[in-house]
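Nothing in this text is a laboratory measurement; each read-out follows from the coordinates by a stated rule. Everything quoted here is computed from the prediction, not taken from an experiment. Counting neighbours? That spans all protein chains shown, and the Cβs are built from the backbone with ideal geometry, glycine included.
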Amino acid sequence: MRGVGHGSEAHEHKPEGIAPFRSRTVAPRCGRCALPVAMCLCDEARRIDTRTKVVVLVHRREVHKTTGTARLVPLTLARGELRAVGRPEDRVQYEGLEEAGRATLLLSPVEGAVELTRDLVGERPATLVVPDGNWRQTRRMATKEAPLARLVAVRLPDGPARRFELRKHPQAERLSTFEAIARALGILEGREVQDELERVLHLKVERTLDTRGRRKDEQ
Ligand SMILES: [Zn+2]
């Protein structure tokens, strides 16, 4: 077994099931938020105690991309969890998503997905299962992995275009995973939760863009 415990740095706040962020560049990066250590936002995020549980299934190939937003989930949500998938032995990560007394929903705009509303879950707390990766990876998870394919798939109602942009996407309406989660929790939990998540996403986007020297020509 390689990976776990590999190297000597102690990362105290390792998200469950996900190896600390490994930088491909020289600037040391925070193992939790993946920003350069000097720009770490972890102390500026607080974990909100929502009723909704959020489980992000992130493709292993995406875990180490600095543009990924899934790492913000365990930083901002007391019931937020990241699980890495993509290898055959990762199938176990798809298990245990459904729990008695919870409405388990797959947040994915697959064919047949219904619009997410508060009424859809009723009085029960919800578990939102969110595939994260490129379009092909997430579609494959949502349709081919039996434990996900049998869940009720939900999509966000039509809303404003994405407000936070880390990577160019040909479909302007496509939201980052975290922005989609923020909007979904806006529906299930209330506007304040969405606002707080968007505040942290804004920090992540601004600081990531700063690391690319965006501000150079503005000074
Ligand atoms: Zn950090």
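Each Lys and Arg contributes +1 and each Asp and Glu -1, all at the Cβ; summed about the Cα centre of segment 17-108, the dipole is approximately 280 debye.
Distant-in-sequence amide contacts of ILE48, defined by a placed amide H-H separation under 5 Å and a gap of 5 or more residues or a different chain, comprise LEU77, ALA78. Rg/Rh for segment 59-184 stands at 0.93; both radii use Cα atoms, and Rh follows the Kirkwood definition. What the pair-distance distribution of segment 32-107 shows, using all Cα-Cα distances binned every 10 Å from zero, is 17, 43, 31, 8, 0 percent.
In segment 21-142, the DSSP beta bridges split such that about 5 percent are antiparallel, to the nearest 5. A cut-off of 5 Å between modelled amide H atoms, ignoring neighbours fewer than 5 places along the same chain, links ALA153 with LEU106, VAL114.
All other residues with a Cβ under 10 Å from the Cβ of TYR94 taken together, and with Lys, Arg as +1 and Asp, Glu as -1, what is their net charge? Intermediate values should be presented prior to the final figure.
Details: positive: ARG83, ARG91; negative: ASP90, GLU95, GLU145.
Summing Lys/Arg as +1 and Asp/Glu as -1 gives -1.
Taking the fewest neighbouring Cβ atoms within 10 Å as the starting point, the ordered list for LYS144, LYS65, LYS53 is LYS144, LYS65, LYS53.
Could you list VAL110, VAL130 in order of exposure, starting from the residue whose Cβ has the fewest other Cβ atoms within 10 Å?
With the sparsest Cβ surroundings first, the list reads VAL110, VAL130.
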